[in-house]
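Below is one structure, written out as structure tokens, with a few remarks after it.
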Amino acid sequence: MSSGKDEVRLIKKIMNNNLTYKKAGKADIDTIVQLRIEFLYCIHKVIDDAELTLIKQEMISYLNEALDSGECVFYIAECDGVPAGSGCYALRKRPGGIGNPKGLEAYVMSMYTKDEFRRLGIATDILNLLEAEARNNDIPIMELHATEVGEKVYLKSGYALSQAPNYKKRI
């Protein structure tokens with residue numbers, strides 16, 4: 001008789017064999033928006049209907065331009081054709097500096113895996129794909145803000161807490 005751990009390992013192996021990853025294009029905008037909204041609900045629990053409508057409209061408008069220009073790079077994970085997770089980076093352009101003369105940074109965001117697909121390595125795989133994409137585009141720095149759930153993934157992938165405090169003001 002197999003143990004519960006053996007069954008979990010077998011399920012993970014089967015699911016991993018059915019996982020596929022793709023770089024998203026305009027045809028994937030509806031899926032991206034759906035996953036992003038699910039992510040926002042996980043973080044904020046409640047979103048006002050009017051704000052949700054505006055978020056969707058603005059995301060569609062942004063993605064229609066940013067996916068083509070390379071300003072935003074999105075990857076989607078699917079298991080047997082069902083969206084399982086996603087992640088992206090948004091390109092930031094700043095004046096160049098030491099260690100980053102072109103001033104390019106990739107801000108990682110929308111890292112989300114649906115509950116039923118967690119612990120399969122999806123976030124790590126997507127992060128690796130985003131890093132490879134950034135390297136191919138000569139982007140030397142990746143930055144992100146981590147949720148408590150995602151922090152382990154980033155630490156394991158070599159990300160370190162920044163020494164410089166970030167300040168923010170809503171205006």
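The values are calculated or read from the model by the stated rules, or taken from the named source; none is laboratory data. Because the structure is predicted, anything quoted here is derived from the model rather than measured. SASA here: full protein model, heavy atoms, side chains in, ligands and nucleic acids out. Shrake-Rupley method; radii C 1.70, N 1.55, O 1.52, S 1.80 Å.
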Sorted by chain and number, the residues with a modelled amide H under 5 Å from that of A24, at a separation of 5 or more or across chains, are F74, Y75, I76
For the Cα atoms of the chain, what angle does the longest principal axis make with the long axis of helix 4-17, in degrees from 0 to 90, nearest 10? 60
How much mean residue ellipticity at 222 nm does the chain get from its helices, if each DSSP H run of length 4 or more adds -39500 (n - 2.57) and you divide by all residues, to the nearest 500 deg cm²/dmol? -13500 deg cm²/dmol
How many Å² of accessible area per residue for the stretch 40-136, probe 1.4 Å? 54
Globularity index of the stretch 55-171, i.e. its alpha-carbon radius of gyration over 2.2 N^0.38 Å: 1.12
To test your reading of the geometry: what angle, between 0 and 90 degrees and rounded to tens, separates the Cα axis of helix 49-69 from the longest principal axis of the chain? 80
